[in-house]
1. Would you list, by chain and number, the lysines whose Cα falls below 21 Å from the Cα of Lys111, excluding same-chain residues fewer than 8 positions away?
2. Across the stretch 14-20, in residue order, what do the Karplus-derived ³J(HN,Hα) couplings come to in whole Hz, using 6.51 cos²θ - 1.76 cosθ + 1.60 with θ = phi - 60° and x for Gly and Pro?
3. Where is the GNM fluctuation largest for the chain (alpha-carbon springs, 10 angstrom cutoff): Ser113, Ser65, Ser45?
4. Starting from the amide H of Phe41, placed 1.01 Å from N in the peptide plane, find each other amide H under 5 Å away whose residue is 5 or more places distant or on another chain.
5. In whole percent, what relative contact order does the chain give with Cα contacts below 8 Å and a gap of six or more residues?
6. Order by neighbour count: Thr133, Thr151, Thr50, fewest other Cβ atoms within 10 Å first, most last.
7. At 15 Å minimum axial length over the Cα atoms and a Kyte-Doolittle cut of -0.5, report the qualifying DSSP H helices in the chain, or say none.
8. By how many nm would the segment from Arg143 to Arg108 grow when fully extended, if each residue of separation counts as 0.36 nm and the alpha-carbon distance is taken off?
Amino acid sequence: MLQIRRAIAAGEIDLDENDRVEVRLTFSDGTEYPVSGFIDFLAYSVDQETGTVELRAERTGRAQSVVDADVARYDRFSLPAMAAIPAGAASGGWARRRIEGKLLSIVRLAKASLTYAGGIDYLAWKINRHAGTKIEIKPWQRRWPLVAALTLVPRLVKSGAIR
């Protein structure tokens, strides 16, 4: 991780216009996967047992390619679901579902911040990515992520990053 960060700082690794590092997947037989991707997440912590750092890369256009891989499957599920909604249906049920979904997301995020090493760094990366914020996690926030949430969440709501 430090080596990658130093190489970026020294200009040895080129970043794209969004400050991302392009990566290519090479199989054990030496052949390359035809589509490149970008490093999406680089953990701040090192696994003490293996000496490794979590790094996650995502292929460009991956979300669309998941649907493109089996369009018929998504049609089989989405078309009947949309057809089942009555034409004059009130949207009141969706408002309740939206609130329930947000509460469930908060519980999942809290669990992730405590379950995984570097969980709060991952959450900050995810919020930064989706909301366009620049959350920087301090050492005390890594140590007490739920206490940190008490200070971070109100700021994120006020800035509009969380709705």
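1. Candidates past the 8-residue exclusion: Lys102, Lys126, Lys138.
2. 7, 9, 7, 5, 9, 6, 10
3. Of Ser113, Ser65, Ser45, the Gaussian network model singles out Ser65 as fluctuating most.
4. Arg56
5. Numbers: 121 pairs, mean separation 20.1, N = 163.
For the chain, the relative contact order is 12 percent.
6. Working: Thr133 17, Thr151 10, Thr50 7.
Least to most surrounded, the residues fall as Thr50, Thr151, Thr133.
7. Working: long enough: 71-83 (17 Å, 0.15); 92-115 (35 Å, 0.00); 119-131 (18 Å, -0.37); 145-159 (20 Å, 1.22).
Length and hydropathy pass: 71-83, 92-115, 119-131, 145-159.
8. Details: separation 35, 0.36 × 35 = 12.60 nm, distance 1.84 nm.
Full extension of this stretch gives 10.8 nm more.
Values quoted throughout were computed directly from the atomic coordinates according to the rules given, and no laboratory measurement underlies them. Small disclaimer: the values here were computed from a predicted structure and weren't measured. So basically every Cβ, Gly included, is an ideal-geometry build from the backbone, and we count neighbours across all protein chains shown.
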